[in-house]
1. Magnitude of the Cβ-charge dipole of the chain, K/R +1 and D/E -1, about the Cα centre, nearest 20 debye?
2. Tell me, what is the per residue accessible area of the chain in Å², probe radius 1.4 Å?
3. Ignoring ligands, DNA and RNA, what percent of the 1.4 Å accessible area of the chain is carbon and sulfur?
4. So if R0 is 22 Å, what FRET efficiency would V17 and A64 give, r being the distance between their Cβ atoms, rounded to the nearest 0.05?
5. Which value in Å is the Kirkwood Rh of the chain over different Cα pairs?
6. Hey, can you rank 38-51, 11-24 by average C-beta count inside 10 Å, highest first?
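The values are calculated or read from the model by the stated rules, or taken from the named source; none is laboratory data. This structure is a prediction, so every number in the text was calculated from the model and none was measured. We place every Cβ from the backbone using ideal geometry, glycine too, and count neighbours over all the protein chains shown. Ligands, DNA and RNA are excluded from the accessible area calculation, which covers all protein heavy atoms including side chains. Shrake-Rupley method; radii C 1.70, N 1.55, O 1.52, S 1.80 Å.
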Amino acid sequence: MSPYSIILFLHVVAALVLFFALGLEWICHRGLARSGTAEKAREWMSLARPLRAIYPLTSVTLLATGIYLSVLWGGQTWIVG
């Protein structure tokens, strides 16, 4: 496997994990809004706790791999106008 393939794979996986995390956050917000007691609210908030680590990791990974891929292609992006 070439370094390009590995970086591209990490970039795509980070994007997928970020969208998964956004979906989980949306579900937690909906559940939190419908929770009637403090105990239920704590349960929903505990589901959202891993997001504090997921967001920074995926954001940094997306940014770093995106910059690397952009530099590798000489600044040419996938949106060519």
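1. Numbers: 6 positive and 3 negative charges, 52 e Å.
About 240 debye.
2. 77 Å²
3. On the way: 4590 of 6270 Å².
Its accessible area is 73 percent carbon and sulfur atoms.
4. Working: r = 14 Å, r/R0 = 0.65.
Between V17 and A64 the formula returns 0.95.
5. Values: mean 1/r = 0.0680 Å⁻¹.
Taking every pair of different Cα atoms in the chain, averaging 1/r and inverting gives 14.7 Å.
6. Numbers: 38-51: 12.4, 11-24: 14.5.
Those peptides, ordered most packed to least, come out 11-24, 38-51.
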